[in-house]
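What follows is a set of notes on a single structure, which appears directly below.
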């Protein structure tokens with residue numbers, strides 16, 4: 001079963017330069033922290049705040065490119081964790097358009113839509129989250145990943161955090 005998550009905040013790891021994306025389920029029962037790089041954390045933070053940079057960032061470019069190609073994103077799924085590395089998939093839908101031939105040379109061909117094509121693309125969770133926020137699509141995690149992520153080291157690290165470390169965001 002897939003569990004919906006919202007980006008709660010992006011915080012800085014006090015011990016490293018990494019950023020931590022804090023994802024929570026709607027009932028605030030589950031917490032999924034994902035360590036990401038500074039650039040990725042900033043891209044997610046900008047999307048959360050609704051800030052549009054003067055020139056598009058990579059995730060803005062991907063958003064615009066997908067829209068231009070008439071490819072919709074359906075959802076993001078964080079589906080695996082291996083050696084503290086998370087794996088995500090983008091679920092995309094491509095609209096297929098064909099043209100009718102009226103057999104009349106002077107009349108242009110009329111477009112019609114065929115059934116959509118579903119595509120999946122592997123992605124880093126940080127990129128998937130940044131793009132999902134820009135495209136307004138849901139983020140999910142599998143139950144298996146939520147159960148695997150729990151470890152004594154993570155729990156001990158989380159216990160040391162102060163409420164202010166989680167930032168002002170409340171999604």
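Since every read-out is calculated from the coordinates, none of them should be taken as a lab result. Not measured: the values here are computed from a predicted model. FYI the Cβ positions are ideal-geometry reconstructions off the backbone, even for glycines, and counts take in every protein chain you see.
A compact table of results
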quantity	calculated
Ordering of 134-146, 51-63, 8-20, 35-47 by packing [mean C-beta count within 10 Å, highest first]	35-47, 134-146, 8-20, 51-63
Mean projected area (nm²) of the alpha-carbon convex hull when the stretch 1-96 is viewed from all directions	8.1
